[in-house]
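Notes follow once the structure below has been shown.
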Amino acid sequence: MERVFVFRPSHLLLLICFLLLSQPYCSSSLSSFSSFNSSTPLCHSHQSFALLQFKHSFSIEESADSDNYCYPKTNSWKMGTDCCGWDGITCDTMTGHVIGVDLSCSGLVGPIHPNSTLFSLRHLQKLNLGYNDFNDSTISSKFGGFANMTHLNLASSFTGNIPSKISHLSKLVSLDLSWNFGMRIETPSLKRLVQNLTHLTELFLFGVDMSYVSPNSFMNLSSSLTSLNLFECGLKGRFPDNIFHLPNLQLLDLSYNYNLTGSLPTYNWSTPLKSLGLSITEFLIDLPNLISNLKSLKKLYLRRCNFTGSYLAHLPNLTQITSLDLSYNNFGGQFPWSLLNFEVLTYLDLSGNNFIGQLPEVTTNLTQILSSNNSSNSQLVNKIPSNLEHLLLSRNLLNGTVPSWVYTIPSLRFLCLNYNQFTGHIGDFQHNSLVVLLLNNNNLHGPLPLSLSKSVNLSELSISFNNLSGNVESKIFSKLKSLQYLDMSNNPLLSLSSFTFATNILPKLSSLSLSSCKLSEIPHFLRTAEYIEDLNLSKNQIKGNIPKWFLEVGKDSLYSLNLSYNFLTSVGHLPWKYMDILDLRSNMLQGPLPVPPLFISFFSVSRNNITGQISSSICNLSFVSYLDLSYNHLSNLIPPCLGNLSDYLIDLDLRSNNLNGTIPTTFAKGCYLRSLKLNGNQLEGLLPQSLVHCRNLEVLDFGNNKINSTFPRWLETLPELRVLILRSNKFHGALGNPKTKFPFPNLRIIDLSHNEFHGCLPTNLFKYLKAMMNASADKGELKYMGDYYYQDSVTIVMKGFFFELVKIQSLFTTIDFSNNNFKGEIPKAIGELRSLKGLNFSHNNLSGHVPPSLGNLTNLEWLDLSSNKLTGEIPIQLVDITYLAILNLSENYLFGQIPQGKQFNTFTNDSYNGNLGLCGFPMKACGNDEGQQPPPPSTIQEDNFKFENGFHWKVVLLGYGVGFMFGLGLGYLVFSSGKPIWLVNIFYGE
Ligand SMILES: *[C@@H]1O[C@H](CO)[C@@H](O)[C@H](O)[C@H]1NC(C)=O
Ligand SMILES: *[C@@H]1O[C@H](CO)[C@@H](O)[C@H](O)[C@H]1NC(C)=O
């Protein structure tokens, strides 16, 4: 029987779904130890004593999940009984000496010291201590003292270097040091092992750090070697080719050595390889050649090997294959199901390949198979894959219904069909073998079948993001005692009320997601969820206070709690001491700021009604990385100590509160801050120059405060700064020329509007804004700023409207210098900023001509130069700006004929009003001598440059929660007056 080592906590879905079980043989060495017989003479008393002493040197952890393999075997070890009869002990039938100890997965906790009585059992031949917790102790060199040791398994949390004495175990046949992630092997020790252990047939070093080992050290491996597992060992460089000529090699796993290269023989394979793993390596692999040469191959693991194109159609039939992993290779097209011998297949992972089409139908009808050549739609195979245990097809483009045979496979344990386009109902599983069922992100509809209650072994279930409907009956879950991971979010038609009021179900739950499930209360069954770690109840209708009983739930386990987008009014004292992530944003929380648990790293109470001040005790949160208190009514000062938190702090968002005083000044060297958002407060004083220590800064938003400072030119050296918003403050003075050659190398959004800046626009600044120049960079992929936890959002003025960019597309670029006192000409260099989407210089004192170079800004969507003193004609080049939706040149001294054609046919009077000398559509027609002369200066009144004047774009503040990403058409917009035509066209039409 093959045993699978199940890792906890179970929510490490990836680990379980892909890592462990995709390499089932990594534990196969265990089975070779599994039968020890005990019909022997009484064991020697000193050996019995030594064993008992050994037992007592550990604390024994009884796990709730014991099974035939994992349980405390030492429970049967009792003083006064024959040790040869104890669990896990084998004695020599002639001498009575203890020759075998198998304490694998026995809950041993504690270190093994060199004085351990284990080492007095000199006759040991087989020792298995795998899967215990030896507290990261090192492997004692005493392990090298067992002269007759043949099998040694120390696959268990050891650290440090491997002792060189291990190479004295010259009779060693099998050595397993897997799972010792803190253990290191260096080239000399490895060379000694390879040289001295000439009888070695099995070598398992899964996870041992060999990043300093030269792969050449494996050159002289014993020719008796049958199994070599070097999974995720950090090996780099080229693996010796001769490995493929070892005459007995049956198992080779070099997977997850990201930088390991090598090549496979092109012909004459001499190895009887049965199992080959080269996933996520840089081996050059000719798949058809590999498969046609390795006739004995049964297990093949080639995840992420960069195969492309229609490779698969040319493969020979995989008649022997029992396990096949070709995941994440982006093959595309239809998968040729007929390639597989469905009868012997137990493990199939084709995730992440953009496969299209449907799962094959099974028919035993030969004529149907023959005629299926004509139907391209659904493929047929002639055998039910009745031995499948893993069917992993996540992240493809598969559609149609899930065929009925899937529900009839007796041994199916893992079924992952998530992230596809499957439709239809979920059928009835006819056996109770399922352990993991992932159906999320499809188009499934109908109810959650009652028959699921039979899957008593189910550990993980996700049905989120489908169109399931009907009542989820609590009966379904009453027998699912093993369920640890449950996600039913985002099925708008699914009714959960009977389920959420059930009690005493799901005792082992560790991760629950019921986001967007219309819950009005916290599910009652959580009262007994002792092991809950990760709870997401966001986007529901949970009202009022958090109930008292809930504060007792998962006291020692809960590390992530998401209650955002509900109607909670208070949370009380938060008791969870291990909590790492707490999201309370968009509720109705009142009163003072809740005090988050001490070890929190993500904390958001954004968009509530929190009042009072930010206590300086917030600085006790020394691990906080994301702190979002924005959109509340917090008042008084920002605790100056917040600047000292920058060892961990990545995002600090205090926007839209009533904070006053100055900005903390103590940002130290090595500060990690990535974004600092203080917009919409009453902060005054200067910008702290210590911010220049925060070399990772990407977003700085100080808009709408009372900051009284000159332009922070010293920020120009920040290499990552993308967004700088100083809007509506008391900034003053000239911008001046940059001090460095490439100022603001990454800047994409700059808003200096509504300040008191004066002086000329700095040509040398615009000349070098590199990030705004390359319009075509990364065009293929939409990227957003921020990361998994936190997406940056800022409010900017786009086409005259305030928009909150809920996500900032990383390529989005705008310049807004409006409403200042800038004078002089518009620098020609602006024309180089080719990725600009918006440019606003309105309400200044700019003079001179509109530079024709603006015509180069082909991505420009809005251009506002209104209320300045610009003269001359409108350059004809502007006609070439294809996307220009808004043009405002009003209230200037422009004259001459308005250019015609293209976008210019869509602009109305509003674009030109207040320029007495302009003519042509849409203004009055040009007469013979009209429009040729500048109007006499006396007709222009200086006080025309009023913000309210002349131009009637409605300034609309979008309500909270209304997000919008320009160019993506996400979300929706709310306007106080009707929607302007251009907006309707751009966002709703076309
Ligand atoms: C064995 O060594 C450890 C560590 O050196 C020590 O703590 C322990 O007391 C020793 N045990 C015995 C029985 O001497
Ligand atoms: C090791 O095996 C040899 C040969 O079977 C035997 O003579 C010797 O006593 C064994 N040594 C120990 C320590 O068991």
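Excluding residues fewer than 8 places away in the same chain, name every one of the lysines whose C-alpha is closer than 24 Å to that of K548.
Those lysines meeting the cut-off are K508, K518, K539, K577.
When you have a sec, figure out the Kirkwood radius of the stretch 376-465 from all distinct Cα pair distances and drop it here in Å to one decimal?
13.4 Å
Run through the stretch 181-279 and list the chymotrypsin sites (Phe, Trp or Tyr not before Pro) located in a DSSP loop whose Cβ has at most 10 other Cβ atoms within 10 Å. Working shown, then result.
Details: sites: F181, F204, F206, Y212, F218, F231, F244, Y256, Y258, Y267, W269; in loops: F181, F206, Y212, F231, Y256, Y258, Y267, W269.
Answer by residue number: Y267.
Tell me, R607, R695 in order of fewest to most beta-carbon neighbours within 10 Å?
Numbers: R607 21, R695 15.
Neighbour counts put them in this order, fewest first: R695, R607.
Could you list Y311, Y131 in order of exposure, starting from the residue whose Cβ has the fewest other Cβ atoms within 10 Å? Walk me through the intermediate numbers first.
Numbers: Y311 16, Y131 23.
Least to most surrounded, the residues fall as Y311, Y131.
Averaged across orientations, what area in nm² does the convex hull of the alpha carbons in the stretch 185-341 project?
On the way: hull surface 33.6 nm².
It is 8.4 nm².
Can you tell me the convex hull volume per residue for the stretch 597-693, based on C-alpha atoms, in Å³ to the nearest whole number? Please report the intermediate quantities before stating the final value.
On the way: hull volume 7.8 nm³, N = 97.
Hull volume normalised by residue count: 80 Å³.
Which lysines have a Cα less than 28 Å from the Cα of K274, not counting those fewer than 8 places away in the same chain?
K126, K171, K191, K236, K295, K298, K299, K383
Largest first and to the nearest Å, give the Cα extent of the stretch 652-762 along each principal axis.
Rounded to whole Å, the extents work out to 38, 34, 21 Å.
Rounded if a/c is under 1.5, else prolate if a/b beats b/c, else oblate: with a ≥ b ≥ c from the C-alpha gyration tensor eigenvalues square-rooted, which is the stretch 397-512? Mind showing how you got there, number by number?
Values: a/c = 1.66, a/b = 1.19, b/c = 1.39.
It is oblate, given that a/c is not under 1.5 and a/b is not larger than b/c.
Please report the net charge: other residues with Cβ closer than 10 Å to the Cβ of S560, K and R +1, D and E -1. Walk me through the numbers on the way to the answer.
Details: positive: none; negative: E533, D534, D580, D583.
Once all neighbours under 10 Å are counted, the net charge is -4.
For the stretch 838-927, what number results from the quotient of the Cα radius of gyration and 2.2 N^0.38 Å?
Working: Rg = 11.7 Å, N = 90, 2.2 N^0.38 = 12.2 Å.
Here the Cα radius of gyration is 0.96 times the empirical estimate.
If you split all Cα-Cα distances of the stretch 170-272 into 10 Å bins from zero, what percentages do you get per bin, shortest first?
Going from the shortest bin to the longest, the percentages are 16, 52, 29, 2.
What's the exposure ranking of E62, E521, E533, going from fewest to most Cβ atoms within 10 Å?
On the way: E62 9, E521 16, E533 22.
Starting with the residue having the fewest Cβ neighbours, the order is E62, E521, E533.
Can you pull the Kirkwood radius for the stretch 54-210, inverse mean 1/r over Cα pairs, to one decimal in Å? Don't jump to the answer; show the numbers that get you there.
Working: mean 1/r = 0.0625 Å⁻¹.
For the stretch 54-210, the Kirkwood estimate is 16.0 Å.
Using only the Cα atoms of the stretch 146-203, what do you get for the radius of gyration and for Dmax, in Å?
Cα radius of gyration and Dmax of the stretch 146-203 are 10.7, 28 Å respectively.
Any number yet on Rg/Rh for the stretch 122-179, C-alpha, Kirkwood? Kindly include the intermediate steps, with their values, before the conclusion.
Working: Rg = 10.6 Å, Rh = 11.4 Å.
So for the stretch 122-179, dividing Rg by the Kirkwood Rh gives 0.93.
The numbers here are math on the coordinates, done by the rules we state, and not lab data. Note that the structure is predicted; figures quoted are calculated from it, not measured. Cβ: placed from backbone, ideal geometry, glycine included. Neighbour counts: every protein chain shown.
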